[in-house]
Amino acid sequence: MLKVGVIGVGSISQYHIEPYQAKDNVEIVAFCDLNEVRLKEKGEKYQVTRLYTDYKELLENQDIDAVSICTWNNTHAEIAVAALEAGKHVLVEKPLSMTVEQALAVKEAQERTGKIVQVGFVRRHGDNAKLLKTFIDQGLLGDIYYAKTSCLRRLGNPGGWFSDISKSGGGPLIDLGVHMIDICWYMMGKPRAVSVSGNTYNKLGNRSHIENLSFYKAADYDPTLNDVEDLTNAMVRFENGASLFVDVSFTLQARKNEVSVKLFGDKGGAEIEPEFALVTEKNNTILNITPQLDSLTFDFEKAFHNEVDHFVGCCLEGEENIAPVTDGVEVMKILNAVYESAKTKKEVYL
């Protein structure tokens, strides 16, 4: 039985809490949140009675084996280090931190304590991603030398802490781009990034005046606060010669929202967003292959269940962690380099 505490019970926490509660070998022991009203509501909803407003007090609870960290980005590293030092395993929402230095501090604490740190790269756990990884590992795509990914929202700044740079560390790049960069980098075999060229734009604001279109809003949505970018694009070059292009937005003068993940190798290509597709050639003919699956699209809730299942398996059964702290550090290096490149208007070398 894995006994878990959840730190931060805002909107993303339900995708940790509900998968934990669905498992027979997990008990949620405690919740923690700075917002006492929300804390009490979530405690009642999920029948969790040990409630804390200070995460340090939760970490003193000897009954707890592991924690999920679902707080603002600016607290991820601090809480992760404290949890590791308290002897807890850690599932931390992406991004691992707001700076490379913070990420390295988590890595050092993990190495020192020997506890598990799993970074919340949830797209790695999607059924579509897991299937594609098997094809890649079997060589279907060959040498993957280019990837292109987008997550473009025409209207979708969540507000609240997402749009407060002191808490989030940035806008769509650190919120959405972290997922898109990670899934491509993971599928490409995690090559070392050597340079980054990026751009950020603050042209439209949060466009909270737009009517007749709904979008996801943070639990503490405040349309008056917004000091993060609207749009980021970047080119990442890797040591093995491969490259990755990414663009992400909270708001953009676009006809519709768009999510895409495309990978190109010398033997084949693949897409897992918006739908799963493979491309190869045989008998001097290009073949577009559509796998016969129950669903060809990314299932957000199922991926979180898979992610939590994997974390529990790592903690209880010693499964190999597919999203270790070292990966969180490398992705953080790329994210920080994009922001530095945009600020200096120069390519950044890693």
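The values are calculated or read from the model by the stated rules, or taken from the named source; none is laboratory data. Just so it is clear, the model here is predicted, and its values are computed rather than measured. Backbone-built Cβ (ideal geometry, glycine too); neighbour counts: all protein chains shown.
Looking for whichever is loosely packed, with under 15 Cβ neighbours inside 10 Å, over 15 Å from the mean Cα position of the chain (by Cα) and either in the same structural domain as MET187 (by TED's automatic domain parsing) or farther than 30 Å from GLU27 by Cβ (or both) here; the options are LEU350, LEU287. Which one fits?
Details: LEU350 fails: loosely packed, with under 15 Cβ neighbours inside 10 Å.
On inspection, the qualifying residue turns out to be LEU287.
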*Looking at PRO19, is it of a type outside the set (Gly, Ala, Ser), crowded, with 23+ Cβ neighbours inside 10 Å and out of contact with any Lys or Arg (no Cβ under 6 Å at 6 or more places or on another chain)?*
no
*Search segment 184-203 for residues being assigned to a strand (DSSP E or B) and either of a type in the set (A, V, I, L, M) or outside the structural domain of ARG154 (by TED's automatic domain parsing) (or both), and hand back the single one that is surrounded by the most Cβ atoms within 10 Å (Cβ to Cβ).*
VAL196
*Report the residue count in segment 240-258 for those that are within 14 Å of PRO158 (Cβ to Cβ) and not in a loop (DSSP other than H, G, I, E, B).*
3
_Go through (1) surrounded by fewer than 18 Cβ atoms within 10 Å (Cβ to Cβ); (2) assigned to a strand (DSSP E or B); (3) among the hydroxyl-bearing types (Ser, Thr, Tyr) for THR149 and report which single condition fails._
(1)
*Where a residue in segment 295-311 is in contact (Cβ under 8 Å) with a residue 24 or more places away in the chain and within 12 Å of ARG124 (Cα to Cα) and its partner, wherever it lies, is hydroxyl-bearing (Ser, Thr, Tyr) and in a loop (DSSP other than H, G, I, E, B), with Cβ under 9 Å and at least six apart*: LYS302/SER295
*Residue in segment 222-239 that is among the small types (Gly, Ala, Ser), assigned to a loop (DSSP other than H, G, I, E, B), touching a strand residue (DSSP E or B) at 6+ places or on another chain (Cβ under 6 Å) and at pLDDT 95 or above present*: no
*For segment 159-173, does any single residue satisfy the condition of being at pLDDT below 95 and not in a helix (DSSP H, G or I)?*
yes
*Would you check which residues across segment 259-316 are of a type outside the set (A, V, I, L, M), touching a Pro at 6+ places or on another chain (Cβ under 9 Å) and in a strand (DSSP E or B) and list them?*
SER260
_When the residues of segment 113-141 are narrowed to those that are of a type in the set (A, V, I, L, M, F, W, C) and within 19 Å of ILE334 (Cα to Cα), which ends up farthest from the chain's Cα centre (by Cα)?_
VAL119
*asked:* Looking at the structure I just gave you, is LEU252 touching a residue at least 24 places away in the same chain (Cβ under 8 Å), surrounded by 16 or more Cβ atoms within 10 Å (Cβ to Cβ) and over 20 Å from the mean Cα position of the chain (by Cα)?
replied: yes
_Scope segment 91-112; condition under 15 Å from the mean Cα position of the chain (by Cα) and β-branched (Val, Ile, Thr); matching residues_ = VAL92
